[in-house]
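Right, one structure below, let's go through it.
The values are calculated or read from the model by the stated rules, or taken from the named source; none is laboratory data. Nothing here was measured: the structure is a model prediction, and the numbers come from that model. Please note: Cβ atoms are built from the backbone with ideal geometry, for glycine as well, and neighbour counts cover all protein chains shown. For the accessible areas, the whole protein counts, side chains as well, though only heavy atoms, and no ligand, DNA or RNA atoms are used. Shrake-Rupley method; radii C 1.70, N 1.55, O 1.52, S 1.80 Å.
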Amino acid sequence: MKKLVLTASVLALIAGAAAADTVRVGIAAEPYPPFASPDAAGNWVGWEVEIIGAVCAAAELECEITPTAWDGIIPALVSGQIDAIMASMSITEDRMQTIDFSDRYYNTPTVIVGQREIQIDATPEGLAGRVIGVQVSTVHQAYAQHYFEAGSELRTYQTQDEANQDLVAGRIDATQADSIALDAFLASPEGAACCEVKGTVANDESILGLGVGVGVRKGDDALREAFNRGIAAILANGVYEQITAQYFASSIYGE
Amino acid sequence: MRWGWIPRYAPLAAEGLWRTIWLLMLSVIIGFALAVPLGLAQAAGPFWLAAPARWFCTVIRGTPLLLQIWLLYYGLGSLFPQFPWIRQSDLWPILRQAWPYALLALSLSYAGYEGEVMRGAFKSVPRGQLEAGRAFGFSRFATFRRIWFPQALARALPTLGGETVLQLKATPLVATITVIDIYAVASRVRQDTFIIYEPLLLLAVIYMAVAGLIALGFRMVERRFVRGLG
Amino acid sequence: MIESLLDLWPGLRASANLLALEPPGWGGNLLRGAVNSLIIALGAFALGLLIGIGGALGKLGGGPVTRDLLAVYTTVVRAVPELILILLLYYAGTDILNQLLALLGQRPVEISGLAAGIGVLGVVQGAYATEVLRGAIQAVPKGQIEAARAYGMSPVQVFRRVTAPAMLPLALPGLSNLWLIATKDTALLAIVGFSELTLETRQAAGSTRAYFTFFLAAGVIYLLMTLVSGRVFGWLEARYRRGQAGARA
């Protein structure tokens, strides 16, 4: 016991108590351009990173961006390593059993991108017998498991970048993901050379959710309200449009 | 504790466990087959064989397996577009899969660690025994097959058992390149159900059981083998 | 000279540009990651040693309950994949630590990623260190320890003046192996999102699609770390073995 106490206090020492009122906003530690990715200088940049800054400023929250493994980001929130998730996480029924969400701050369609030389579309029949890559723990994985797994082979990747990479390498025929994330990939020379949009998948709100929101711990209503205020404020005062215009041709807030 | 998910995922888990076990067995066999020449080259080979063998073992042992797996899978994959003929080749159906890269990485890793073990084992066999073999008129190969190798193996067996458990512990890394082993199945349970600790705990128990079986198996082989030598 | 070498093959120059230390090169990120890896490895190794000393003494001289608990600890850690231990300890560890602090009447703390990484790998290292040190302590001739006791030294003095210096040369090869495992195990923290060398490499590779270049570069950095530390341990072994007439490994 003595040893345990010693270890605990040593750990507590190195851990250091961070300022209690800082909100640690978890983003995915894996690059997800154009929403959040590290640049060569080690800074996180992208649309979502700027939105985090703007929402926190509008809600008068002191936020600290905390990169966290995507695959474990909900456990990290629940166990208290972070206080909020702003990592392009869709608001779904399944997740709402474990965490709460703010109002949405963007919503974009889900598409299938595939090899240029093959004929496929975004339906279970069109993808039958093909190999489809999806990112782990995403609504796309859930959707593909529900609609495509019966007839196609699914491969699960830790990051969307790696799924895209295997599309370039030719190991998979198609990938399902958010249209904007895939637009960025198709704009790259490798993406343009190999692949094209094959279509938008039929919407299923029970799986694909109601857009992207801020995830907070269950019952953390004060923080959720604060994020709602911040989102409403930047939508009203034009900051949201300003940031969006720097990245995208049209609004991504959705209907 | 919530365990209601078990029946639903049992078939998937059985498949995953089977994949883990054959990856382990195949990589141990291939790795050991490579380790013998690697060890021999270092223990008794000429410089031009010993030096590359030593370098191979140093590089494998000096870098993380996770990195080796990613280098083989994503690194090689990123070179594919430069060579379009690869997709037309007969090997493409295999190169498209993830498991060949996993098997290759695990085998090379085992070879690297066991090459070092076998080097020590070959060196520890007294020279007099080899000379005695030659004096009996054994050919070089017969000396190796009937004296040197069995003696070295007997010395290496206890270490090999431990190393094989370490190899088992390394297998979940292949889940990061889309191979669906038992670890990947547990991850899927976590994603589908948002239950975090229970699948991980069950997984820990499964790995402990397999590790125990490996230790037991090696002890039995050891007992037989050493008795046979005596 | 280097310039003309780079011109030999166009891919080489592109790789060199990607690895440049200043942005737009990603070399700076890789080095920062390498420093983080080293810090974690050092911290985990030190924590593992502390746990290992306690564990070895407990296994050798503790009561039956202590021994059983320690046996469970070392068996579990040595049979369960590090990846799973890291996930379990990373998520559950924070909870447990805060409950422990609450028991002691302290305020909960926020665990930094660095501390969590060190703690998790340290617990793993501790199990192996326990076995290494137990073996080394057992190999110290009983007579030396009894002689020290006969001189009236307290148990702490016996350990500090006799057992520790006598076992160190015997433990060094095992410890050097543990250190190598510590440096390589830091790569596993990439999977829980800690920005050490492997994750930085993955980010750079994902952003530039130059997977081969970056994974190869990271491999070279890891290899340098292990080769240099191998030399250091070799030197330590040579040094401590001097003047140890009876010590043979």
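When the dipole is taken about the Cα centre of the stretch A:110-208, and only Lys, Arg (+1) and Asp, Glu (-1) are charged at their Cβ, what size is it in debye, to the nearest 20?
Here the stretch A:110-208 has a charge dipole of around 140 debye.
Once the Cα atoms are used to define both axes, helix A:221-236 deviates from the longest principal axis of chain A by about 60 degrees. Modelled this way, with points 7 Å down the Cα-to-C-beta line, the labels at B:Trp48 and A:Glu225 are 8.1 nm from one another. Computed 3J(HN,Hα) for the stretch B:155-160, one whole-Hz value per residue from the Karplus formula 6.51 cos²θ - 1.76 cosθ + 1.60 where θ = phi - 60°, is 6, 7, 3, x, 5, 4, glycine and proline marked x.
Summarise the accessible area of the stretch A:110-208 (1.4 Å probe, protein heavy atoms) by the percent that is carbon and sulfur. With neighbouring chains kept in place, the figure for the stretch A:110-208 is 49 percent.
Are there any helices in chain C, counted as whole DSSP H runs, that stretch 24 Å or more along their axis by Cα and score at least -1.0 on average by Kyte-Doolittle, and if so which?
C:27-61, C:82-103, C:113-139, C:164-185, C:211-241
Accessible area per residue (1.4 Å probe, heavy atoms of protein chains only) ranks C:Met225, B:Met1 as B:Met1, C:Met225, with the largest value leading.
When you filter the trypsin sites (Lys or Arg not before Pro) in the stretch A:22-131 for DSSP loop state and at most 12 other Cβ atoms inside 10 Å of their Cβ, you are left with A:Arg116. Largest GNM mean-square fluctuation among A:Asp100, A:Asp221, A:Asp121, using chain A with Cα springs under 10 Å: A:Asp221.
For chain C, a Gaussian network of Cα nodes joined below 10 Å ranks C:Leu83, C:Leu103, C:Leu223 by mean-square fluctuation, and the top entry is C:Leu103. Distance from the alpha carbon centroid of the stretch A:175-250 to that of the stretch C:8-82 works out to 36 angstrom.
Only Cα pairs under 8 Å and 6+ residues apart enter the sum, and on that basis the relative contact order of chain B stands at 31 percent. Karplus-derived 3J(HN,Hα) values for the stretch B:183-194, using 6.51 cos²θ - 1.76 cosθ + 1.60 with θ = phi - 60°, are 5, 5, 5, 4, 4, 5, 4, 4, 5, 5, 10, 6 Hz; glycine and proline are entered as x. Less than 5 angstrom separates the built amide H of A:Thr66 from those of A:Val25, A:Gly26, A:Ile27, all sequence-distant by 5 or more or on a different chain. Each Lys and Arg Cβ is given +1 and each Asp and Glu Cβ -1; about its Cα centre, the stretch B:6-229 then shows a dipole of about 740 debye.
Measuring between alpha carbons in the structure, the pairs from C:Lys59/C:Lys184; B:Lys169/C:Lys142; B:Lys123/B:Lys169; B:Lys169/C:Lys59 lying more than 31 angstrom apart are B:Lys169/C:Lys142. As a calculated quantity, the FRET efficiency between B:Phe225 and B:Gln82 at R0 = 51 Å, using C-beta atoms, amounts to about 0.55. Dividing the summed helix terms, -39500 (n - 2.57) for each DSSP H run of n ≥ 4, by the number of residues in chain A produces a 222 nm estimate of -11000 deg cm²/dmol to the nearest 500. When chain B is treated as a GNM with alpha-carbon contacts under 10 Å, the residue of B:Thr20, B:Thr63, B:Thr193 showing the greatest mean-square fluctuation is B:Thr193.
Averaged across orientations, what area in nm² does the convex hull of the alpha carbons in chain C project?
If you wrap the Cα atoms of chain C in a convex hull and average its projections, you get 18.4 nm².
Based on the reciprocal of the average 1/r between different C-alpha atoms, the Kirkwood radius for chain A equals 19.4 Å.
Here the relative contact order of chain C, from alpha carbon pairs under 8 Å that lie six or more residues apart, stands at 26 percent.
Across the alpha-carbon atoms of the protein assembly as shown, the computed radius of gyration and Dmax are 27.6, 96 angstrom. Accessible surface area normalised per residue over chain A is 39 Å², counting heavy atoms of protein chains with a 1.4 Å rolling probe. As a length-normalised measure over Cα pairs under 8 Å and 6 or more apart, the relative contact order of chain A settles at 27 percent. The magnitude of the dipole of the stretch A:90-130, with charges of +1 and -1 set on the Cβ of Lys/Arg and Asp/Glu and taken from the Cα centre, is near 160 debye. Applying the criteria of a DSSP loop state and at most 12 other Cβ atoms within 10 Å to the chymotrypsin sites (Phe, Trp or Tyr not before Pro) of the stretch B:96-147 yields B:Phe136. Shown here for the stretch C:113-188: chymotrypsin sites (Phe, Trp or Tyr not before Pro) in loop regions (DSSP other than H, G, I, E, B) with at most 15 other Cβ atoms within 10 Å, namely C:Tyr151. With helices as the sole contributors, chain B gives -25500 deg cm²/dmol at 222 nm; each DSSP H run of n ≥ 4 counts as -39500 (n - 2.57), and the sum is divided by every residue.
Using a simple spin-label model with pseudo-atoms 7 Å out from Cα toward Cβ, A:Ala236 and C:Ala14 lie 5.1 nm apart. With a ≥ b ≥ c the root eigenvalues of the C-alpha gyration tensor of the stretch B:21-102, is it rounded (a/c under 1.5), prolate (a/b larger than b/c) or oblate? Because a/c hits 1.5 or more and a/b exceeds b/c, the stretch B:21-102 counts as prolate. The helix-only estimate of mean residue ellipticity at 222 nm for chain C, built from DSSP H runs of length n ≥ 4 each weighted as -39500 (n - 2.57), is -26000 deg cm²/dmol after division by the residue total.
Put a dot 7 Å past the Cα of A:Ser206, heading toward its Cβ, do the same for C:Gln157, and the two dots end up 7.7 nm apart. Taking amide H positions as modeled 1.01 Å from N, with prolines and chain starts lacking one, the residues under 5 Å from A:Ser152 and 5 or more places away or on another chain are A:Gly129.
In the complete set of protein chains, residue-level accessible area for C:Thr66 is approximately 60 Å², probe 1.4 angstrom. The stretch A:77-145 and the stretch B:54-122 have Cα centres spaced 31 Å apart. Axis angle, to the nearest 10 degrees, between helix B:197-229 and the longest C-alpha principal axis of chain B: 20 degrees. Here the Karplus relation 6.51 cos²θ - 1.76 cosθ + 1.60, evaluated at θ = phi - 60°, turns the backbone of the stretch A:133-140 into coupling constants of x, 9, 7, 4, 6, 10, 5, 5 Hz, with x for every Gly and Pro.
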